[in-house]
Amino acid sequence: MADKYLDDFFALLRFASVSTDDKYKKDVDACANWLVQKLNGIGLTTQLVPTAGHPIVWAQNKHKPGRRTVLIYGHYDVQPPDPLELWDSPPFEPVLKDGYVFARGATDNKGQILSHILGMQETMKEDVDLPVNLHLVIEGEEEIGSNNLPTFLQKNRDALKCDIVVVSDTGMIAPGMPTISYGLRGVTALEIKVTGPKIDLHSGIYGGAVANPLAAMSKMLATLHDRDGHIAIEGFYDQVLPLENWEREMWRKLPIDVEAELRKESGAPELFGEKGFSSLERIWARPTAEINGMGGGYQGQGTKTVLPSYGFAKLTFRLVPNQDGDAIVDLAKKHLQKNCPPGVTLEMQSGHSGPWYLTDPHSKFGEAAQRALKKAFGKEAALIREGGSIPIVSAFREILNAETLLLGLALPNCRAHSPNENFPLENFEAGRRMNKAVLAEIAA
């Protein structure tokens, strides 16, 4: 790798562009301005677009009639580095060790989007221009929900009209294994509060005569699943799109020991999930009901013999095609209300929501992406879905009427959002090759 590429990578990683914390605002702005200068320097016309939050970097080449138009999306903001004591090196002082670059944002998303930029730089140096009309959109708020990106897309819908969107903010199933993610689960959230007495009570005086809200809440939450891991909410599975036979067959043949990897990465003593499905199928194509947090009563050291006034829990539901988030929350509310024990009151409030996404990996552009990945990596691409959510891909579909190719470069052990986040130089180089091959195949 040319030293200048590694210099660019390290320079980008040194910006503490944490979008969620106002104390990093100068770093976020400085990072955006660095990208503007970099993109102008390789021959693109670039502007910094202000939003109600952090700015969006928007770059273009000279558009010519008769060529396909591609929008490449990425983000320059990163997660907070905390807890700092768990990092082996300072999070914003990148370190190269054993072929991996360690720093916050190395994988998510600076390494991946910079790979695209450097691929375009090489193409423009060799061929003067790119083979397609390009829009490059790099936002600074992905880690806090991309709240202002849909407004940007709406305002510039005509100018941003494109044939396909390319995003590298997902993962590879294994080192050296090119991967196309053609599906994502959605998510919707619900918070509940179970209230009994007006204040915490002495458990010796009132225990046995007044219902315990924590016990009542535990009983309710226990009804969400049966013994085999199936979700017990009536109607929950009614709209679920069944897996295709080709999907189940392809996933069975993937060259990875999924069970062993999941146990290793999670540290769980054994795996458990919905009976009748493999672990990959549960993660990629089946819905879930999860308890993300719960509390109430005394939390301090030792014992305090109280009967708590209330308990609370935070729930999320992962959604798959063709489930609707609002409908699922309504079903969950009815289920919990039906199973609410006597002696307490139940309050419920909906939270954030993001839709599922599914596209055809065998479409014209899907096939083009598969050919490009084979060129870049020398192997056939794995076609997978992913368990997480990227709401912005649905906005591309709804606002720009464009599908998205999710061509990830993150490895399973990249530790995105965690201490010691890392990105392999092998993937940094492969990303440049991938960018050139993808744009060439889409243009053909």
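Tally time: how many residues in the stretch 50-69 are surrounded by fewer than 17 Cβ atoms within 10 Å (Cβ to Cβ) and either at positive phi or in contact with a Phe, Trp or Tyr (Cβ under 7 Å, 6 or more places away or on another chain) (or both)? Residues that pass the stated criteria total 2.
Exactly one residue out of 352, 417, 362 is under 30 Å from residue 291 (Cα atoms) and part of a loop (DSSP other than H, G, I, E, B): that is 417. Screening residue 41 with (1) closer than 23 Å to residue 153 by Cβ; (2) over 23 Å from the mean Cα position of the chain (by Cα) gives one miss only, at (1). Any residue at all in the stretch 117-131 that's in the same structural domain as residue 425 (by TED's automatic domain parsing), in a loop (DSSP other than H, G, I, E, B), buried (at least 21 other Cβ atoms within 10 Å of the Cβ) and among the aliphatic types (A, V, I, L, M)? Yes, that holds for at least one residue. In summary, residue 376 fulfils each of the numbered conditions (1) part of a strand (DSSP E or B); (2) surrounded by 21 or more Cβ atoms within 10 Å (Cβ to Cβ); (3) among the hydrophobic types (A, V, I, L, M, F, W, C) with the single exception of condition (1). Just give me the residues in the stretch 89-132 being more than 25 Å from the chain's Cα centre (by Cα) and of a type in the set (D, E, K, R), in sequence order. 97, 98, 122, 125, 126, 127, 129 - these are the residues of the stretch 89-132 that are more than 25 Å from the chain's Cα centre (by Cα) and of a type in the set (D, E, K, R).
Scanning the stretch 206-231 for residues that are of a type in the set (A, V, I, L, M, F, W, C), exposed (fewer than 14 other Cβ atoms within 10 Å of the Cβ) and either closer than 15 Å to residue 192 by Cα or touching a strand residue (DSSP E or B) at 6+ places or on another chain (Cβ under 9 Å) (or both) yields one hit, 222. Does residue 323 qualify as being in the same structural domain as residue 405 (by TED's automatic domain parsing) and in contact (Cβ under 8 Å) with a residue 12 or more places away in the chain? Against the criterion (in the same structural domain as residue 405 (by TED's automatic domain parsing) and in contact (Cβ under 8 Å) with a residue 12 or more places away in the chain), residue 323 does not qualify. Residue 189 falls short on exactly one of the conditions (1) outside any strand (DSSP E or B); (2) surrounded by fewer than 20 Cβ atoms within 10 Å (Cβ to Cβ), and that condition is (1). Of all the residues in the stretch 70-90, those that are buried (at least 19 other Cβ atoms within 10 Å of the Cβ), small (Gly, Ala, Ser) and either in a loop (DSSP other than H, G, I, E, B) or modelled with pLDDT under 95 (or both) number 0. Take the conditions (1) hydrophobic (A, V, I, L, M, F, W, C); (2) part of a loop (DSSP other than H, G, I, E, B); (3) without any contact (Cβ under 8 Å) to a residue 40 or more places away in the chain; residue 240 misses just one of them, which is (3).
Suppose the filter is under 15 Å from residue 231 (Cβ atoms) and outside any strand (DSSP E or B); does residue 271 pass it?
Criteria not met by residue 271.
The values are calculated or read from the model by the stated rules, or taken from the named source; none is laboratory data. Because the structure is predicted, anything quoted here is derived from the model rather than measured. All Cβ positions, glycine included, derive from the backbone under ideal geometry; neighbour counts span all protein chains shown.
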